[in-house]
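The structure appears below as structure tokens.
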Amino acid sequence: MELEALIRALAPSEVAGARPAEISDLAYDTRAVAAGALFFCVRGSSVDGHDLAWEAVEQGAVALVVERELDVSVPQIVVPDSRSAMAVAADAFFGEPTKELELAGVTGTNGKTTTAFLLHAVLAGATWIDGKTICAESSVGQCNPMRRQPEISKAEPSG
């Protein structure tokens, strides 16, 4: 993907050292940087990714997403929050896959599990979920999938 497309998606306050570049990967961990990567300088609790930008460039990063301009030789997309920018960039980089998702959420204090299972039964009865996975009783990073079971054909008694 062209760097320019990601710049448009991120709508940064500034682009330092802008020049054409082909982006082949996204990374926020210097150990995962490969040639052609766009590296996100993310501030963590003990390490600031801005301090590791030179290492990312040395390993092949062709551009950076930063919160402040740095003294490096690659284009820098300056944004208010590098961590938030990762989601926007990933969505654009991977072709906006979330546009294909159909989502139903159940929130509240009481009755969420019952409502989720009822919703699953309604959608399964409407054949809406053929080949799709429904996650009930889930929280971030966990899924208890419920899949529609294949129809079992019953043999007619011969007689």
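Taking other C-beta atoms within 10 Å as the exposure proxy, Phe117, Phe39 rank Phe117, Phe39 from fewest upward. A simple spin-label model places the labels of Ala90 and Val47 1.8 nm from each other, with each point 7 Å out along Cα-to-Cβ. Gly17 sits among other residues whose Cβ lies under 11 Å from its own Cβ, and their net charge, with Lys and Arg +1 and Asp and Glu -1, is -2. Remark: the range 34-47, residue by residue, has Karplus-estimated 3J(HN,Hα) of 10, 4, x, 7, 9, 9, 9, 7, 9, 7, x, 6, 10, 9 Hz, where x stands for each Gly or Pro and the curve is 6.51 cos²θ - 1.76 cosθ + 1.60 at θ = phi - 60°.
Per-residue extension of 0.36 nm, minus the Cα-Cα distance of Arg31 and Thr107, leaves a gain of 23.5 nm for this segment. How far is the Cα center of the range 20-36 from the Cα center of the range 65-120, in Å? Their Cα centres are 19 Å away from one another.
With neighbour counts taken as other beta-carbon atoms within 10 Å, the residues Asp25, Asp91, Asp51, Asp71 rank, fewest first, as Asp71, Asp51, Asp91, Asp25.
We did not get these values from a lab; they are worked out from the coordinates using the rules stated. Every value quoted in this text rests on a predicted model; they were computed, and no experiment measured them. FYI the Cβ positions are ideal-geometry reconstructions off the backbone, even for glycines, and counts take in every protein chain you see.
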